[in-house]
Amino acid sequence: MSEAINIGSVDSIDEGEAIVIPSEDNGTKEDIAVFHAEDGNFYAINDECTHETASLADGWIEGTEVECPVHAAKFCLKSGAALCLPATVGARTHKIEVKDGELLLYPETPAVFWSLATMRSAGPPTRPAPCRSERLPGWTAAASARRWPALRGPG
Ligand code: FES
């Protein structure tokens, strides 16, 4: 697990906005975009679109998804999954947490593991609300449970 980087106060990113933590500041080879999504939570994924060259921080945030500003591929901010063409490869997630009003970024620590740990300590696990792709035809609860095995609720 990587060391946390304090990237500023929660007030430094308005809801529906994003900032970029450049690679030289986050200690990885990639720029990382930190989003304040419309669900009120913060998410971090690699900034560069996996389709071509574009900054996802410059995209449009809708719910917990971001739309690339160049060719309109969408990514889930929770899982990094590519939700529609032309992107076919997901974006890497990074753990981010709020502590004493400050945003702590853990570059290269996948966000899902942080979510699992948080939910275990916070009580009975609950599955995060599905991103749009999981509500499309072809989505099944079984497939989702395979993807999020530790987040299945009791029973
Ligand atoms: S560069 Fe992002 S969808 Fe093409």
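Name the shape class, rounded, prolate or oblate, that the alpha-carbon gyration tensor gives for the stretch 26-71, where a ≥ b ≥ c are the square roots of its eigenvalues, rounded holds for a/c under 1.5, and otherwise prolate holds if a/b is larger than b/c and oblate otherwise. The shape class here is oblate.
Would the stretch 5-124 count as rounded, prolate or oblate if I go by the C-alpha gyration tensor, calling it rounded below 1.5 in a/c and otherwise prolate when a/b exceeds b/c, oblate otherwise? Prolate is the answer for the stretch 5-124, as a/c is 1.5 or above and a/b outweighs b/c.
Express in whole angstrom the spacing between the alpha-carbon centres of the stretch 60-100 and the stretch 3-28. When both Cα centres are located, 16 Å separates them.
Counting charges near Gly40 (Lys, Arg +1; Asp, Glu -1) among other residues having Cβ under 12 Å from its Cβ returns a value of -4.
Sparse packing (at most 13 other Cβ atoms within 10 Å of the Cβ) combined with a DSSP loop state is found for the following trypsin sites (Lys or Arg not before Pro) in the stretch 1-91: Lys29. Database remark: amide H of Arg92 closer than 5 angstrom to the amide H of Asn46 (H placed geometrically; neighbours at sequence offset of 5 or more, or on other chains; Pro and chain starts carry no H).
Measuring with a 1.4 angstrom probe and ignoring ligands and nucleic acids, Ile19 comes out at about 50 Å² accessible. In this simple spin-label model, placing a label point 7 Å from the Cα along the Cα-to-Cβ direction at both Val98 and Val70 gives a separation of 3.2 nm.
Report note on the peptides 55-65, 40-50: ranked by the mean count of other C-beta atoms within 10 Å, highest first, their order is 40-50, 55-65.
The values are calculated or read from the model by the stated rules, or taken from the named source; none is laboratory data. This one's a predicted model, so the numbers in the text were calculated from it and none came from an experiment. All Cβ positions, even for glycine, are placed from backbone atoms using ideal geometry, and neighbour counts span all protein chains on display. These area figures cover heavy atoms from the full protein model, side chains too; ligands, DNA and RNA do not enter into them. Shrake-Rupley method; radii C 1.70, N 1.55, O 1.52, S 1.80 Å.
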